[in-house]
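Take this structure first; my questions come after.
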Amino acid sequence: MRRLTIFSSMIFLAAFASSLKAQSQVYTTDNLEYSLELPSPTWRVISTRDAVHEHPEFLNGDRLNGYLKVRKEAVEANTTMSDLARRDLDQKLRYLPGFVEGKEEKFNGRLDGVTVSYEFTQSGKAMVGRIYFLQSDPRSAYVLYFTGLRDSIGRIRNQTDAIARSFKLK
């Protein structure tokens with residue numbers, strides 16, 4: 001009887017793991033140099049286009065629960081991801097209302113880099129940003145900007161990490 005219970009538990013876990021994997025979806029298009037995996041059906045794509053580039057953006061249900069934009073940055077040959085993060089904080093983010101700088105952490109995935117977290121307010125709401133600076137080659141980096149309500153981003157931290165880890169060049 002005990003072997004039957006263990007066997008049943010193993011089958012249940014295998015089915016559960018495969019159902020979780022089936023819920024994720026890979027996003028890419030012919031116009032993009034990369035692909036990434038969205039970890040749940042809640043994440044959806046909002047594609048924005050200007051005259052030259054396609055800039056896909058992603059929502060976790062709605063903008064306050066999680067918003068992601070991906071940008072490619074050209075960098076000088078000796079620029080580290082920490083340098084790029086510092087530049088972004090100093091030139092772009094420091095001027096947000098209620099800005100509070102968080103800590104920088106190393107990040108390992110298909111592309112390595114650093115993450116930086118920060119807090120700010122938007123329309124009187126406490127918001128959080130989490131940015132992944134991923135080095136693609138000595139002259140370029142991809143930057144994944146996640147924002148949302150403080151509580152929402154905290155709850156989906158495992159998803160933001162999973163998306164960044166799944167990010168790969170074609």
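The values are calculated or read from the model by the stated rules, or taken from the named source; none is laboratory data. Keep in mind that this is a model prediction, so the values were computed, not measured. Note: ideal-geometry Cβ built from the backbone for every residue, glycine included; neighbour counts use all protein chains shown.
Only residues in region 63-86 that are assigned to a helix (DSSP H, G or I) count as the first member; pair them with residues that are small (G, A, S) and modelled with pLDDT under 95, Cβ under 6 angstrom, at least 6 apart or cross-chain, and list the lot.
Pairs found: none.
If you don't mind, there's one more thing I want to ask. So which residues in region 23-55 are modelled with pLDDT under 90, among the small types (G, A, S) and either under 21 Å from G109 (Cα atoms) or in a strand (DSSP E or B) (or both), if there are any at all?
Answer for region 23-55, where residues must be modelled with pLDDT under 90, among the small types (G, A, S) and either under 21 Å from G109 (Cα atoms) or in a strand (DSSP E or B) (or both): S24, S47.
Follow-up question, since we're still on this one. Among the residues that make up region 40-48, is at least one of them closer than 27 Å to M127 by Cα, of a type in the set (S, T, Y) and touching a residue at least 40 places away in the same chain (Cβ under 8 Å)?
The first filter runs over region 40-48 and keeps only residues closer than 27 Å to M127 by Cα, leaving 40-48.
In the following step, the residues that additionally are of a type in the set (S, T, Y) were identified as 40, 42, 47-48.
From what's left, touching a residue at least 40 places away in the same chain (Cβ under 8 Å): 40.
Checked against the condition, which is being closer than 27 Å to M127 by Cα, of a type in the set (S, T, Y) and touching a residue at least 40 places away in the same chain (Cβ under 8 Å), region 40-48 yields at least one hit.
Identify, by number, the condition in (1) out of contact with any Pro (no Cβ under 6 Å at 6 or more places or on another chain); (2) surrounded by 14 or more Cβ atoms within 10 Å (Cβ to Cβ); (3) over 21 Å from T28 (Cα atoms) that K69 doesn't meet.
So K69 meets the others, but not (3).
Per-residue answers, yes or no, for (1) surrounded by fewer than 14 Cβ atoms within 10 Å (Cβ to Cβ); (2) under 18 Å from the mean Cα position of the chain (by Cα):
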residue: L32; (1), (2): no, yes
residue: L36; (1), (2): no, yes
residue: D83; (1), (2): no, no
residue: D88; (1), (2): no, yes
residue: Y95; (1), (2): yes, no
residue: G98; (1), (2): yes, no
residue: K103; (1), (2): yes, yes
residue: F107; (1), (2): no, yes
residue: T115; (1), (2): no, yes
